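Taken together, the values in this text are just the output of simple stated rules run on the coordinates, not laboratory data. The model shown is predicted, which means the values in this text are computed figures rather than measured ones. Cβ placement follows ideal geometry from the backbone for every residue including glycine, while neighbour counts extend to all protein chains displayed.
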Amino acid sequence: MTVIARLPGAEAMKKESTFNHPPFQSKGKSGVRGLNLGGWRFLVLFLGLGLTFNGNARAEVPTEAPTEATNSNLTDPTITQDLISVSNHFAANPPPTFKAVTPPAAGNVTNAIDPKLAQAIYFATTRQPEKAEPLLIALLAGNIPEATQQAALFELAGVVRAENALPRAQSIYAQYLNRWPGTVKVPEILLRQGQIFRQMGLNDLALGKFYSVMTAALSLKSDQLDYYQALVSQTQVEIAETHYLTGQFADAADFYGRLLRSPDPTLDRTQLRFRLVRSLAVIGRNNQTIAQAHNFIAEFPDADQVPEVRYYLAQALKNLGQNTEALQQVLLCLREQKVKTQNQPEIWAYWQQRVGNEIGNQLYHDGDYVNALEVYLNLAQLNAAPRWQIPVDYQMGMTYEKLLQPQKAVEAYNAILARETEVGTNATPGLKSVFDMARWRVSFLQWQTNAEAIDHSLVRSRETTSTNLTSHLQAKRASNHE
């Protein structure tokens, strides 16, 4: 397992004392922050020079996620890869299952916006953080209204986070909370702090922040109900995703189930239900996997995840001994309409081949040769490439042997050998082994056929001899009797 790199200040962040700087000191009627070391100007100097934290620090994404009790049939590298891709996606985007939350405007913020702030926001939204950061730092160093200070500091934290300077971003958010603990943005900042902790691999702290969002959101005014509901929904998504990323699939399934019962129209239900199916499959809850997989296919029949969902459905049915139903799902996947596979054909091809290959092999090993042959015949039609066709043909030959059809088995093996010239020197070691095994199987079956013919001939000869001898003895007895 990859060890997450130790970031500067990581130990201190576990206690969160590093970010609890002294509150700012006010000075003068204008409300501009004071010049002492605990105050505003020192903060700007800290933000610009990065004295406390290394701005170039990076949080390394773990390549493996710890898991709970998992289904041994689903030790799948694509699940780990999915976790990694989700984690990487969080670095610069909201979670894929929810739209970004937009807080209501605070009462003391005017409609006018500072031109420099507007320009910095433009650079931030167009993914040019290297241009946005110096503008925001210069703006914070001047004498600006408090509402502009709030907006500039909030934007600066987002810019620094976009640069992946995660400890600095965490510190800036903490400074904002210390200075303005009662603003409407507090729940959203807690949410972002939780996301950053997760990016840094501090998942327990991340969950703590996410649960704090719930508490902070309760203090929102009644006219901010829509914002509250959106914030709570997004926080629940974050909690579910955190459990999912850390391999706590039982907890993830529980939260995904709750979210799917929510009437919130902004939730990405396709992704939520797909993650629910996958989580249930990994922890081996076969009955629930079957129910949720059927729900997914019925609700999202054209989704790109359908072939993978059919895979989990077929595996769950097979685990419960429902081979006929499992075979039906496999055949539905293999015969899926071409129009559905045009969007992401490589994904469909991968799961069609995997579903058929795994279930077909399981049926073969269980002695269900008729259904296994049905799967292999459909698998052979998916891809005409030798590297796919040749192994499938070999499995068909072996199945014909089990069904006591040696002639058809020889035909399958000869079809393999006929492609040996086509592959030529490009044959992989695996294909070369298949060619050798097919050649040996043909020789063996020919020998077996000849041996059986000789055996049958000897049996018929013995039967003929026995019949003749019996007739001779009967005739002799009849002669002696006379």
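With a cap of 15 neighbouring Cβ atoms within 10 Å, and only residues DSSP puts in a loop, list the trypsin sites (Lys or Arg not before Pro) found in the stretch 218-327. Can you show the working numbers first?
Details: sites: Lys221, Arg258, Arg261, Arg269, Arg273, Arg275, Arg278, Arg285, Arg310, Lys318; in loops: Lys221, Arg261, Arg285.
Passing both the DSSP loop test and the Cβ count: Lys221, Arg261.
Can you tell me the dipole magnitude for the stretch 234-358 around its Cα centre, using point charges on the Cβ only (Lys, Arg +1; Asp, Glu -1), in Debye to the nearest 20?
In debye, rounded to 20, the stretch 234-358 gives about 320.
Measure up Lys318/Lys408; Lys116/Lys209; Lys408/Lys432 against 30 Å on the Cα-Cα distance and list the ones that go over. Let's see the in-between values first.
Details: Lys318/Lys408 28 Å; Lys116/Lys209 32 Å; Lys408/Lys432 22 Å.
Listed pairs above 30 Å: Lys116/Lys209.
With +1 on each Lys and Arg Cβ and -1 on each Asp and Glu Cβ, how big is the dipole of the stretch 135-273 about its Cα centre, in debye rounded to the nearest 20?
Its charge dipole is roughly 100 debye.
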